[in-house]
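Engineer: After the structure tokens below, expect a handful of questions from me.
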Amino acid sequence: ATPFWVRLGLAAAAVAVFGSLTKWDVASLGLRPRPLQGYAHWAGFTAKLGAVLVFLFMVPALYFLKTGTVPASRVVGERLFLEPSDFWRWAPGALLSAPIAEEAIYRLVLCVASAALVGRRATIVVSGCVFAALHVAYGNVGLDNAIAGFILGWAFLKSRTIVVPVALHSLGNLLVGGYQLSLCYLNIQPPL
């Protein structure tokens, strides 16, 4: 994968170009510090979305794995952590670096340019497809990445700030990390 600083540098260069074209209208660039709907709205949305994801995916998966109803190879895939301490090596990149760099690219660069050219709905589709495709290219294939790109693109366009998708991305990665950490604590072995 491309290093964090390289991805962030490319995104910063693109934002600088867009900024010069818009005379640094931060609202049109998605650089406003506060979402249009306020933080309380997005906190509520995030809590509801998180609850749905936990109960639709994580709780059943852990139950099936622990009871042996479904083979681990069908649910776990490749385990991120072999022991709980691995979480702390994973966390800085997954919870800070990746959300900042990826959202700068996918939202500030891709969504800003696409929305101006093809409109909001098509931008959400483009954003989601590119997000999923590049995660496949990074070797991080998963249904969560296929869905997340669409949600994050929509959240950026609705909130009009990069803050919301960065926070959602980070929290989504935290859910994945929590699931993976629970596999360690439940002592569910990775498939052979």
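Engineer: Any chance you could give the angle, 0 to 90 degrees and rounded to 10, that helix 143-159 forms with the longest Cα principal axis of the chain?
Structural biologist: Relative to the chain, helix 143-159 is tipped by roughly 30 degrees.
Engineer: Further question: Any chance you could tell me what percent of the C-alpha pair distances in region 122-192 go past 19 Å?
Structural biologist: 42
Engineer: Stokes-Einstein diffusion coefficient for the chain at 25 °C in a medium of 0.890 mPa s, Rh from the Kirkwood formula over Cα pairs: what value in µm²/s?
Structural biologist: Once the numbers are plugged in, D ends up at 138 µm²/s.
Engineer: May I pose another question? Could you report region 1-156's accessible area per residue, 1.4 Å probe, as an integer in Å²?
Structural biologist: 58
Engineer: Would you work out which of ILE162, PRO3, ALA101 lies farthest towards the positive end of the dipole of the chain, given +1 charges on the beta-carbon of Lys and Arg and -1 on that of Asp and Glu, about the Cα centre?
Structural biologist: Farthest towards the positive pole: ILE162.
Engineer: Tally Lys/Arg at +1 and Asp/Glu at -1 over every other residue whose Cβ is under 15 Å from the Cβ of ALA11; what's the total?
Structural biologist: After counting each charged neighbour, the total is 0.
Engineer: Quick one: which of 17-29, 165-177, 108-120 comes out on top by average Cβ neighbours within 10 Å, and what's the full order, highest first?
Structural biologist: Per-residue mean Cβ counts within 10 Å order the peptides as 165-177, 108-120, 17-29.
Engineer: Here's a follow-up. With Cβ to Cβ distances under 11 Å as the rule, what net charge do the other residues near THR161 carry (K, R +1; D, E -1)?
Structural biologist: Net of charged neighbours comes to +4.
Engineer: If you don't mind, there's one more thing I want to ask. In the neighborhood of PRO35, defined by Cβ-to-Cβ distances under 10 Å, what is the net charge if each Lys or Arg adds +1 and each Asp or Glu adds -1?
Structural biologist: +4
Engineer: Roughly what angle does helix 39-53 make with the longest principal axis of the chain, taking Cα atoms, 0 to 90 degrees, to the nearest 10?
Structural biologist: 30
Engineer: For the chain, what % of the accessible area comes from carbon and sulfur atoms, probe 1.4 Å?
Structural biologist: 70
Engineer: How large is the translational diffusion coefficient of region 76-118 in µm² per second when you combine the Kirkwood radius over alpha carbon pairs with Stokes-Einstein at 4 °C and 1.567 mPa s?
Structural biologist: 104
Engineer: Separate question: Where does helix 120-137 land angle-wise versus the long Cα axis of the chain, in degrees 0 to 90, nearest 10?
Structural biologist: In the chain, helix 120-137 runs at an angle near 50 degrees to the longest axis.
Engineer: Quick one: dipole size for the chain, taken about the Cα centre, charges +1 on Lys/Arg Cβ and -1 on Asp/Glu Cβ, in debye to the nearest 20.
Structural biologist: 520
The values are calculated or read from the model by the stated rules, or taken from the named source; none is laboratory data. Just so we're clear, the structure is a prediction, and the values are computed from it rather than from any experiment. Reconstructed Cβ throughout: ideal geometry from the backbone, glycine too, with neighbour counts over all protein chains shown. Just so you know, the surface numbers come from the protein's heavy atoms only, side chains and all, with ligands and any DNA or RNA stripped out. Shrake-Rupley method; radii C 1.70, N 1.55, O 1.52, S 1.80 Å.
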